[in-house]
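Chemist: Quick one: the structure is below, and I'll ask about it shortly.
The values are calculated or read from the model by the stated rules, or taken from the named source; none is laboratory data. A quick note: this is a predicted structure, and the numbers were derived from the prediction, not measured. Cβ: placed from backbone, ideal geometry, glycine included. Neighbour counts: every protein chain shown.
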Amino acid sequence: MNLPVWQELYESIGPDRFELISVAEDSQGEAAAGKWFDKAKPTFRCIVDPTHRISSLFGWVNVPSGAWIDEEGRIVRSNEGVFPDETTIKFGLGKVRLGNDAFAHATRDWIERGPESEFVWSAEELAAHLKPVDDDTLLAEPTFKLALHFEAAGDSERALRHFDAAQHLAPDNWNYHRQGWTHKGTVYAALQVLKKSAYLRKNTDKNYYDPMELPGENHRRFTEPEWFWTPAVNGLKRLLRREPSAA
């Protein structure tokens, strides 16, 4: 999550009007996530969840994901790919641009209008947006939790075996992929995410993030990496697409 931008949103709306909770889903726990919280110095509540308990309870398969919970404790919206504004992540000679302010605008509208907001889901709409569950996805969850257990115990061989099994059973769960790949290193994980998301973009109708159905969103953005040479290549493509001028 882009913690500084979420902090700006939190302060601009007012902590007396809503509660913001940020959860880091990372099996490496405080050692990996704590430094980001410490650097951002957020005034909202922050939690480190090394066992992915929260993503399991909410049925989330990607990060960042977020839910709106009203004063009665009811979930009135749940999406993946929620960013407060555009975020850029750099890696070597490349970068990716993540999200935009579509979810932040919708959040403001919900806080202002409550249940009258057009972006609030009914119980039926919420149920329709939940990920389908079959025998494989049911088995994938305890398999993934066993992988986390073996990772914490220092048994890398069995951890990797169970990470691979969970990914095979639930290939659309990016939390399983990301955490399993990260066991082999963050650089490896980043390259695998880009590789798999590029494959999906070119060969299927799936995307890294599901659409949020919000005005102005760009849920495909993460699958479009920009390299150091991208501007020059795009400029050359534009020149080649130009029709020859009339003689």
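Chemist: Find the helices (runs of 4 or more DSSP H) located wholly in segment 134-239 whose residues include 1 or more that are of a type in the set (Lys, Arg) and touching a helix residue (DSSP H, G or I) at 6+ places or on another chain (Cβ under 7 Å), and list them.
Modeler: The helices (runs of 4 or more DSSP H) meeting that bar are 156-169, 174-182, 186-203.
Chemist: Now for a separate question. Identify the single condition in (1) on the phi > 0 side of the Ramachandran plot; (2) surrounded by fewer than 12 Cβ atoms within 10 Å (Cβ to Cβ); (3) out of contact with any helix residue (DSSP H, G or I) (no Cβ under 6 Å at 6 or more places or on another chain) that Gly114 does not satisfy, given that it satisfies every other one.
Modeler: Gly114 satisfies all of (1) on the phi > 0 side of the Ramachandran plot; (2) surrounded by fewer than 12 Cβ atoms within 10 Å (Cβ to Cβ); (3) out of contact with any helix residue (DSSP H, G or I) (no Cβ under 6 Å at 6 or more places or on another chain) except (2).
Chemist: Sticking with this structure for a sec: Need a quick list: helices (runs of 4 or more DSSP H) entirely within segment 1-64 having at least 2 residues that are in contact with a His (Cβ under 6 Å, 6 or more places away or on another chain), within 20 Å of Ala104 (Cα to Cα) and free of Cβ contacts under 8 Å to residues at least 24 places away in the same chain.
Modeler: Answer list for segment 1-64: none.
Chemist: Yes or no: segment 160-180 includes at least one residue that is under 26 Å from Leu98 (Cα atoms) and at pLDDT below 90.
Modeler: Taking every residue of segment 160-180 in turn, none turns out to be under 26 Å from Leu98 (Cα atoms) and at pLDDT below 90.
Chemist: Also: Looking at Ser27, Ser56, can you tell me which residue is surrounded by fewer than 18 Cβ atoms within 10 Å (Cβ to Cβ) and in contact with a helix residue (DSSP H, G or I) (Cβ under 7 Å, 6 or more places away or on another chain)?
Modeler: Ser56
Chemist: Regarding segment 124-134, can at least one residue be identified that is over 22 Å from the mean Cα position of the chain (by Cα), crowded, with 17+ Cβ neighbours inside 10 Å and not small (Gly, Ala, Ser)?
Modeler: No, the conditions are met nowhere in segment 124-134.
Chemist: Here's a follow-up. Please state which one of Ala166, Ala152, Ala147, Ala198 is in contact (Cβ under 8 Å) with a residue 24 or more places away in the chain, farther than 27 Å from Asp210 by Cβ and not aromatic (Phe, Trp, Tyr).
Modeler: Going through Ala166, Ala152, Ala147, Ala198 in turn, just one is in contact (Cβ under 8 Å) with a residue 24 or more places away in the chain, farther than 27 Å from Asp210 by Cβ and not aromatic (Phe, Trp, Tyr): Ala152.
Chemist: Now for a different question. Find the strands (runs of 3 or more DSSP E) located wholly in segment 70-118 whose residues include 3 or more that are in contact (Cβ under 8 Å) with a residue 12 or more places away in the chain and of a type in the set (Phe, Trp, Tyr), and list them.
Modeler: Qualifying strands (runs of 3 or more DSSP E): none found.
Chemist: Would you mind stating whether Lys184 is of a type outside the set (Phe, Trp, Tyr), closer than 18 Å to Glu80 by Cβ and either in contact with a Leu (Cβ under 9 Å, 6 or more places away or on another chain) or free of Cβ contacts under 8 Å to residues at least 12 places away in the same chain (or both)?
Modeler: It is false that Lys184 is of a type outside the set (Phe, Trp, Tyr), closer than 18 Å to Glu80 by Cβ and either in contact with a Leu (Cβ under 9 Å, 6 or more places away or on another chain) or free of Cβ contacts under 8 Å to residues at least 12 places away in the same chain (or both).
Chemist: One residue is enough: does segment 119-126 have a residue meeting the conditions of a type outside the set (S, T, N, Q), touching a residue at least 60 places away in the same chain (Cβ under 8 Å), assigned to a loop (DSSP other than H, G, I, E, B) and in contact with a helix residue (DSSP H, G or I) (Cβ under 7 Å, 6 or more places away or on another chain)?
Modeler: yes
Chemist: Then there is this: Here is a check on your reading of the model: is Asp16 touching a helix residue (DSSP H, G or I) at 6+ places or on another chain (Cβ under 8 Å), at pLDDT 90 or above, among the acidic types (Asp, Glu) and farther than 21 Å from Gln167 by Cβ?
Modeler: Considered against the rule, which asks whether it is touching a helix residue (DSSP H, G or I) at 6+ places or on another chain (Cβ under 8 Å), at pLDDT 90 or above, among the acidic types (Asp, Glu) and farther than 21 Å from Gln167 by Cβ, Asp16 comes out as no.
Chemist: Then there is this: Residue by residue through segment 135-164, note down the ones that are under 25 Å from Arg74 (Cα atoms) and either surrounded by fewer than 15 Cβ atoms within 10 Å (Cβ to Cβ) or among the aliphatic types (A, V, I, L, M) (or both).
Modeler: Within segment 135-164, Leu138 is the sole residue that qualifies.
Chemist: Out of all the residues in segment 131-138, is one or more within 21 Å of Glu25 (Cβ to Cβ) and at pLDDT 95 or above?
Modeler: Yes, the conditions are met somewhere in segment 131-138.
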